[in-house]
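Everything below concerns the one structure shown next.
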Amino acid sequence: MPPSREKSYIAPCINGTPDPQARVLQKEKFMIFKILAGLIILATVGVEFAQAQETQTPAPIPIVAGCQPGDYQSVLVCATTIAPSGRTYSPKCLKVQRGTQVTIVGSAIHPVQGMGPINGVQNPFTDIRGGAVEAVTKTLSEPGVYGYFCTHHGDENGNGMAGAILVE
Ligand SMILES: [Cu+2]
């Protein structure tokens, strides 16, 4: 008989009374079972958590005024300005952090008007009915996409002279 087997074999009883060493061994076996069960539970919870994370991935960025997700020019300041540049805006696709003050320059030639809410996010530039003929400053506190356009050279659907602000 190999020595390892001899070592692992413990009779449950010695002379009709339970062997205390055997009981210890059984406790250890039970402990191993508990650890295994714990690991299985952890793995299950982990998988469920990962699946929950997967379903919580943010919705794709809506394309507004032709701005694709990769087109956004990131500006890491607390106040920034978008100005007309010919028949377009500069920057046309602007990305800022929430809480940034954004000024859009309007003029008699390029009255600026905000688009309606996108994905339920209210656009503070929308209340400029007919288009602002001067610079308008708004603080964008809620993440989302905010569209705007020139009422002379663009439209509500983002055609022509229009732009988008992505707030993260
Ligand atoms: Cu214009």
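How about the range 127-150: which of its residues are surrounded by fewer than 19 Cβ atoms within 10 Å (Cβ to Cβ), more than 30 Å from the chain's Cα centre (by Cα) and over 13 Å from ALA83 (Cα atoms)?
The answer is ARG129, GLY130.
Check GLY130, GLY163, GLY158 and return the single one that is within 14 Å of the ligand (Cβ to nearest atom) and either without any contact (Cβ under 8 Å) to a residue 24 or more places away in the chain or basic (Lys, Arg) (or both).
Details: GLY163 fails: either without any contact (Cβ under 8 Å) to a residue 24 or more places away in the chain or basic (Lys, Arg) (or both); GLY158 fails: either without any contact (Cβ under 8 Å) to a residue 24 or more places away in the chain or basic (Lys, Arg) (or both).
Result of the check over GLY130, GLY163, GLY158: GLY130.
Rundown of residues vs (1) outside any loop (DSSP other than H, G, I, E, B); (2) within 16 Å of MET161 (Cα to Cα); (3) not assigned by TED's automatic domain parsing to the domain that holds ASN157, yes/no style:
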position: ALA43; (1), (2), (3): yes, no, yes
position: PRO60; (1), (2), (3): no, no, yes
position: PRO84; (1), (2), (3): yes, yes, no
position: GLY106; (1), (2), (3): no, yes, no
position: ILE109; (1), (2), (3): no, yes, no
position: LYS138; (1), (2), (3): yes, no, no
position: VAL145; (1), (2), (3): yes, no, no
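Limited to the range 157-168, what total is found for residues that are in a loop (DSSP other than H, G, I, E, B) and within 15 Å of LYS92 (Cα to Cα)?
So the first thing to find is which residues in the range 157-168 are in a loop (DSSP other than H, G, I, E, B), and the list is 157-159, 168.
After this cut, where a residue has to be within 15 Å of LYS92 (Cα to Cα) as well, the list is 157-159.
The qualifying residues number 3.
The values are calculated or read from the model by the stated rules, or taken from the named source; none is laboratory data. Just so it is clear, the model here is predicted, and its values are computed rather than measured. Methodologically, a virtual Cβ is constructed for each residue, glycine included, from the backbone with ideal geometry; neighbour enumeration extends over all protein chains shown.
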